[in-house]
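The values are calculated or read from the model by the stated rules, or taken from the named source; none is laboratory data. None of these values were measured; they are calculated from a predicted model. We place every Cβ from the backbone using ideal geometry, glycine too, and count neighbours over all the protein chains shown.
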Amino acid sequence: MVGKTVFSGAPPSSRIELTPQLLHLQNQVFRGSGGVSDENRSLGFRPAFYDMETGQVHPSCFANGVSAPMHLLDGLPAELVLARLDNGRVTAIKAGVVAGFMRHGHFFTRAQAARATVSLRDRSQLLSNPQHHHRLLEVWERFVQGQDYSNQHIRPVVEDSWRRCHLSRIDPQLLHAPLIDDPDQIEFHRYRQADLRQAARPVLQRAGELLFKADSVILLTDASGLILDVAGDRRTRHAAQGVNLVTGGLWSEAAVGTNAIGTALAAAEAVQLYGAEHFCSGIKRYTCSADVIRDPHDGRVLGAVDVSGLTDSYQGHALDFAMAAARLIEANLAAFYFRARQEVLDETGSLFQRWKAQGLLAFDRRGRLVRANARAHRLMKKLGADVELSPQTRIPALDLDDENRRPADAPVWLAIQRCLPIRQRSQQIGTMVVLEAATPEH
């Protein structure tokens, strides 16, 4: 039974119980203002709830704890729930819980998010405007011919990219992206990105099913813009071969000019490009939406996910789709990362207990620091190693999956240390570095 509604002098959002019906009503009230998820998600807002009693913020989640792209009550803590159905669906949350958004660690009410969205949308302009297509073709022609042009209809992210292309002397008449046509070389690149591809596989598979007969494809690239995997509408995939929007195609800005993949990687943020906004004439028939995928360990860009289709099949929600796919891939990468971290912790616990007189650093198989004892911190200073020992430390020379790593690439301080394999059931899962000072300690 839903608790009794209490009215007071508090704002309407905090004086009554929160229900699915009230969330629906709020969405209707704020529709078109930027105060709903599908209008501010591309600007970094994530749905969340604020408990006025405790000041605690709870991100919106499905019942299984996975982040939700819209406001859902089912994932809120049990102590906030007033009523739920027999199937587990939450029907009421206690009074004083406010639906809003989190961005950069700060909570915004719907009204605050609506106000912030107006200015943010003006600055970032992530979405393309199909109505400007023909005007942009004229602007592009004047730009590539070195003539004066009006930038009234060209977004800053596009104009900045065009200028980079001009400085790099990209051929504006280029018809397609370059392609690696050596199967062995492609497989090597894909092997190098095994973790990324594994994290993306279920996302691309599901997205491909959703895009079936939707005139769109979804693509995964590495940090250089090289396409690793493709899924989606078969007819569009076939058409995309004409511009090498296929496995082995290189879609960096330096290779094929302004495009969603390359420009997202260059700007390290989500971007959508519509037809004429592309720099090279051969790909102006396409509309592409891409977002970068970041390493959960240190935030570096690992690659990008892109949704592309022919311009005449433009879909405004494609950017949201690409961004959601990127977040799901990052979630899978985070799961892999924390699993690898726990394995190293499990296998090195006894060593850290027994070897207290040694300086010890334990890294996972990708060279990411998992733990370091107190003596290691002192010895690193004595060695003059310019490395901060933190959970975000990574030593590429200890990346077991990097086939190109060489002993000569190791930092000077590391080259003189003893490195031992950390094993789990005969498989090496990381590296233990046993530190010795360059000169005896006194």
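Miscellaneous remarks
- Restricting segment 24-44 to residues that are assigned to a helix (DSSP H, G or I) and modelled with pLDDT of 90 or more, the residue that is nearest to Thr91 (Cα to Cα) is His24.
- Leu319 part of a helix (DSSP H, G or I), crowded, with 19+ Cβ neighbours inside 10 Å and in contact with a Gly (Cβ under 7 Å, 6 or more places away or on another chain): no
- Scanning segment 392-423 for residues that are basic (Lys, Arg) and exposed (fewer than 15 other Cβ atoms within 10 Å of the Cβ) turns up Arg406, Arg418, Arg423.
- Among the residues of segment 348-400, those that are among the charged types (D, E, K, R) and under 33 Å from the mean Cα position of the chain (by Cα) comprise Asp364, Arg365, Arg366, Arg368, Arg371, Asp386, Glu388, Arg394, Asp399.
- Helices (runs of 4 or more DSSP H) (entirely within segment 189-288) containing at least 2 residues that are buried (at least 21 other Cβ atoms within 10 Å of the Cβ) and not polar (S, T, N, Q): 194-210, 253-256, 260-267
- The condition (being modelled with pLDDT of 85 or more and either in a loop (DSSP other than H, G, I, E, B) or under 18 Å from Ala372 (Cβ atoms) (or both)) is satisfied by just one residue among Ala397, Ala437: Ala397.
- Any hit, segment 113-130, residues being at pLDDT 80 or above and surrounded by 15 or more Cβ atoms within 10 Å (Cβ to Cβ): yes
- Here Lys356 meets the list (1) part of a loop (DSSP other than H, G, I, E, B); (2) under 15 Å from Leu420 (Cα atoms) almost entirely, failing just condition (2).
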